[in-house]
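Working notes, beginning with the structure itself.
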Amino acid sequence: MKYSIRADNTQRVYLSETPMDVDHILKTNYDYLYDAVNNEGIILKGLECNLFKELVLDSKVVGFCSYDFSSEFITAALNNIFVLPEFRGNGLFFSELQQTMVEYNKPSIIEPTRLVVELLIKYGFASKISDNLVASSLEFIVPGNHVESNSEYQTEELSTHFYDLNICSSIHFLDIDKNIIAYSAPLNYDIVHYDCIEKRKSIGDDYFNRIREFLLENDVDIMNEISNLEEKLPVKSYDIEEVVGDDENFSSYIESLIDDAHVTYDKAFEIKQQMIEEYEAGMILNESLLIRLAYLFDENKKPTIKSHSDTCPYCNMPIDSHDRFCHFCGINLNYNPQEMFESLLSTIDESDYDYIEDIRYVAYKFLKLISEGIELEYAIITCENSYNISWSILKDYLDENSYFKDNKITNEGYDFLTSHPLHLFEKYELDAFDYSDFERYFYENEELEGRQLVLNYLDQFGDDDALELKKEIKNGNLN
């Protein structure tokens, strides 16, 4: 076999805003992969894709995968994965999923075969919850024309986190009280390798009743299992500034939409402000920021699935009971306006510690301005306008701690500056992490010396950013 060679093991990627023909890519560039797919009788689930990637092992292109992909909102749905038989078992699928999660976001999988689901279990992305049922941290998507049901079901896309190994099918209860279930039609691979057609002939209402009873009896444990699986995923974490931009600028995501004339500047600014307000109110979680951004920018995005009994209260799209946020509109499903309001009142009335943290932050910003040569009057105006605090309150705090005297920063003030969490955050270039989380960690571990505190904080993370930073700090490159 004449393989395509990548001398440096670099993976070639094809990316397009318009759909690409998968067959055409294979025939034109990888005829041996195209022949292998057909020789195995594999029918491609996705004939088109926006993202096509080589799978490379020992400098040889030994497989491929393809996605329905949005470059603006970094969402990916895997619609094909293939590895030449002699190269299977080398963890290429695992590496691909992990790379996608670390670099972009958690992918979904379109119509997984039983083999794919068994690999997800092996990789720790899914777990068997009974002899035949699997719960997955990755979402399974089934096109509407390939969905079957034990009841009348509209031709709608199926979205679920459950799979039945016995009948080789993604499954979801549309209405668990009425025992109405939807499941995916058999795939050619599962027909050939797992005899799923014959197994399906032997099932009836009793079979689905047993599944229903199991899910009802073990609901809490199952939801906890899925949550635990999701928490272990190496998913890239986004913050609000990264997604919508800072006080003065739009993010790269929004700028690309403006540049491509997908949205006007005024509309983009309106959505940015809305997202900031929703995020600060607790309506959006970090992991759902990109979903919310995509939802707000797509004015034509309407609910397309209506047969499920459990739906999002904001957009009416189906949800699972374990979901922390809606995967269609991005809203935090645990958001309760009244609870948020009462929690805010409680913080204002009772928490002196939170207030001290706030005044410390403002004091740092003020002294930083002075240390950079900004005139006193301008520094005062900046802090009052930016942080909604009067100069008299800030001055009392500075006087009480002897940080500022005769319009100059004292030695105590300089010590305060160099020991503040924001100073460490900037000094050790922790931009890839959430400052609020670091600040909380700092005040819980103030007894540690600054460099050691930062290293201990980074020990919580296992991603490449954290490992590289720890290496730089230990080598003395960020002193």
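The values are calculated or read from the model by the stated rules, or taken from the named source; none is laboratory data. Just so we're clear, the structure is a prediction, and the values are computed from it rather than from any experiment. FYI the Cβ positions are ideal-geometry reconstructions off the backbone, even for glycines, and counts take in every protein chain you see. In case anyone asks, the SASA skips ligands and DNA or RNA and just uses the protein heavy atoms, side chains included. Shrake-Rupley method; radii C 1.70, N 1.55, O 1.52, S 1.80 Å.
The heavy atoms of residue 178 offer some 150 square angstrom of accessible surface to a 1.4 angstrom probe. Estimated from helical segments only, the mean residue ellipticity of the chain at 222 nm is -13500 deg cm²/dmol, where each DSSP H run of four or more residues counts as -39500 (n - 2.57). The peptide list 239-252, 197-210, put in order of mean Cβ contacts within 10 Å with the highest first, becomes 239-252, 197-210. For the chain, the solvent-accessible area of protein heavy atoms averages 52 Å² per residue (probe radius 1.4 Å; ligands and nucleic acids excluded). Along its three principal directions, the equivalent ellipsoid of region 96-253 from the Cα gyration tensor extends over semi-axes of 32, 17, 17 Å, largest first.
Each part gets one Cα centre, and for region 371-448 versus region 218-258 those centres are 29 Å apart. Relative to the longest principal axis of the Cα atoms of the chain, helix 376-387 runs at roughly 40 degrees. A protection proxy built from the mean count of other Cβ atoms within 10 Å ranks the segments 54-62, 255-263, most packed first, as 54-62, 255-263.
Extents of region 16-95, taken as max minus min of Cα coordinates on every principal axis and listed largest first, are 36, 25, 20 Å. If the cut-off is a Cα-Cα distance under 20 Å, which lysines reach residue 395, setting aside same-chain residues fewer than 8 apart in sequence? Result set, ordered by chain and number: 365, 368, 405, 408.
For the chain, taking a cut-off of 4.7 Å between Cβ atoms, the unpaired cysteines are 49, 65, 383. Both radii were evaluated on the Cα set of the chain; the Rg over Rh quotient, with Rh as the Kirkwood radius, amounts to 1.03. Shape verdict for region 98-152, please, from the Cα gyration tensor: rounded (a/c under 1.5), prolate (a/b greater than b/c) or oblate. Oblate shape, in that a/c is at least 1.5 and b/c is the bigger or equal ratio. Just the protein heavy atoms count here, and of the accessible area of the chain at 1.4 Å, carbon and sulfur take up 45 percent. For the chain, relative contact order (Cα pairs under 8 Å, six or more residues apart, normalised by length) works out to 8 percent.
For region 43-145, the square roots a ≥ b ≥ c of the C-alpha gyration tensor eigenvalues yield an a/c under 1.5, which makes the shape rounded.
Summarising the strand pairing of the chain, around 90 percent of its internal DSSP beta bridges are antiparallel. Under 20 Å from the Cα of residue 122, which lysines turn up, not counting those fewer than eight places away in the same chain? Partners within reach: 106, 232. Annotation: residue 283 carries an accessible surface of approximately 40 Å², with a 1.4 Å probe and no ligand, DNA or RNA atoms counted.
Estimated at the nearest 10 Å², the accessible area of residue 24 is 120 Å² with a 1.4 Å probe. Relative protection proxy for 380-386, 11-17, 137-143, from highest mean packing down: 137-143, 380-386, 11-17 (other beta-carbon atoms within 10 angstrom).
Over region 350-477, the fraction of Cα-Cα pairs per 5 Å bin, rounded to whole percents and listed from the shortest bin up, is 2, 10, 19, 20, 18, 13, 10, 6, 2, 0.
Sequence-ordered 3J(HN,Hα) estimates for region 405-413 from the Karplus curve with 6.51, -1.76 and 1.60 and θ = phi - 60° stand at 9, 6, 6, 9, 6, 7, 4, 4, x Hz, glycine and proline given as x.
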